[in-house]
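Structure first, commentary second.
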Amino acid sequence: MMFTAHIGLGANLGDPVRTLGAAIQALRQLPDSQLTGLSHFYRSAPVGPAGQPDYVNAVARIETGMNAHALLAALQDIENLHGRTREVRWGARTLDLDLLLYANDEIRTSSLNVPHIELKNRNFVVIPLLDINPDLTLPDGTRLADLPAAHDINGLQQIATGIS
Ligand code: ROI
C-alpha cells in the first residue's frame, strides 16, 4: 500500500534555500517513496521568539510505502545530516522537517502527532499546502481553504528559487 504524506520544511540559519534544496533531494531518495508535489518557497517572519532570522518554508508531498513512524525516523535522519541543532526550544534551526499529514490518519502518541498540532494556525504551512492541493481536507473534515490562515499572507512572501 502507498500512502500520501505531506512534509513541512523550514530553515532560518545558514543558507536556508540551499538547505531546503538539499532536503528535497534527500526526500527524493527515501526508500519506497516518490516526491509528487512541491510548494512554492516562502520567506516567512519568525513565529515564536523574536530576534531570530526570517525562515524559508515550503511543503512537499510524497507517496510512500513507509509507515508514519518509519517516515518520521527517516525525516529525523535527514535533519541530523543537515546539522540540525536542538539547543533552544522554538529557537533558530538549520533544518526542520515536520510530518504534517499522513494519509487521512490522526495519530496522537508521545513520539508522533499527526496532523501537526499547529498546522491550522500557521500560514507558512497552510498556504504552501494549498499550493500543492487547493482542495485538501483535514482528517477532522476541515477544508484547508476555509481556515483563516489560508487567507493571511502576513509575514509571508513567495520567493523564486529555481528548485522544483
Ligand atoms: N516561524 C516560521 N515563520 N517558520 C517556521 O518554520 C518556524 N518554525 C518554528 C517556530 C520557532 C515555531 N517558528 C517558525 O519551529
Open item on the list: Return the residues of the stretch 77-114 that are at negative phi, modelled with pLDDT under 95, within 16 Å of the ligand (Cβ to nearest atom) and not aliphatic (A, V, I, L, M); say none if nothing qualifies.
Closed with: GLU79, HIS82, ARG84, THR85, ARG86, GLU87, ARG89, GLY91, ARG93, THR94, ASP96
- [ ] Identify the residue in the stretch 18-58 that is within 16 Å of the ligand (Cβ to nearest atom), touching a residue at least 24 places away in the same chain (Cβ under 8 Å) and over 14 Å from the mean Cα position of the chain (by Cα) and, among all such residues, is surrounded by the most Cβ atoms within 10 Å (Cβ to Cβ).
- [x] PRO46
TODO: Please find, among ALA26, ALA60, ALA68, ALA5, the residue that is at pLDDT 95 or above, among the aliphatic types (A, V, I, L, M) and in contact with a Ser or Thr (Cβ under 6 Å, 6 or more places away or on another chain).
DONE: ALA5
Open item on the list: Considering only residues that are touching a His at 6+ places or on another chain (Cβ under 9 Å) and over 24 Å from ALA45 (Cα atoms), which ones fall in the stretch 108-128?
Closed with: THR109, SER111, LEU112
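Give the stretch 116-146 a look and list any residue that's within 16 Å of the ligand (Cβ to nearest atom), of a type outside the set (Asp, Glu) and out of contact with any Ser or Thr (no Cβ under 6 Å at 6 or more places or on another chain), or say none.
Within the stretch 116-146, the first condition is being within 16 Å of the ligand (Cβ to nearest atom), and the residues that meet it are 116-129, 131.
Among the residues that remain, those that are also of a type outside the set (Asp, Glu) are: 116-117, 119-129.
Scanning the stretch 116-146 gives HIS116, ILE117, LEU119, LYS120, ASN121, ARG122, ASN123, VAL125, VAL126, ILE127, LEU129.
The values are calculated or read from the model by the stated rules, or taken from the named source; none is laboratory data. Model, not experiment: these values are computed from the prediction. Because the Cβ atoms are built from the backbone with ideal geometry, glycine has one as well, and the counts that use them run over all protein chains shown.
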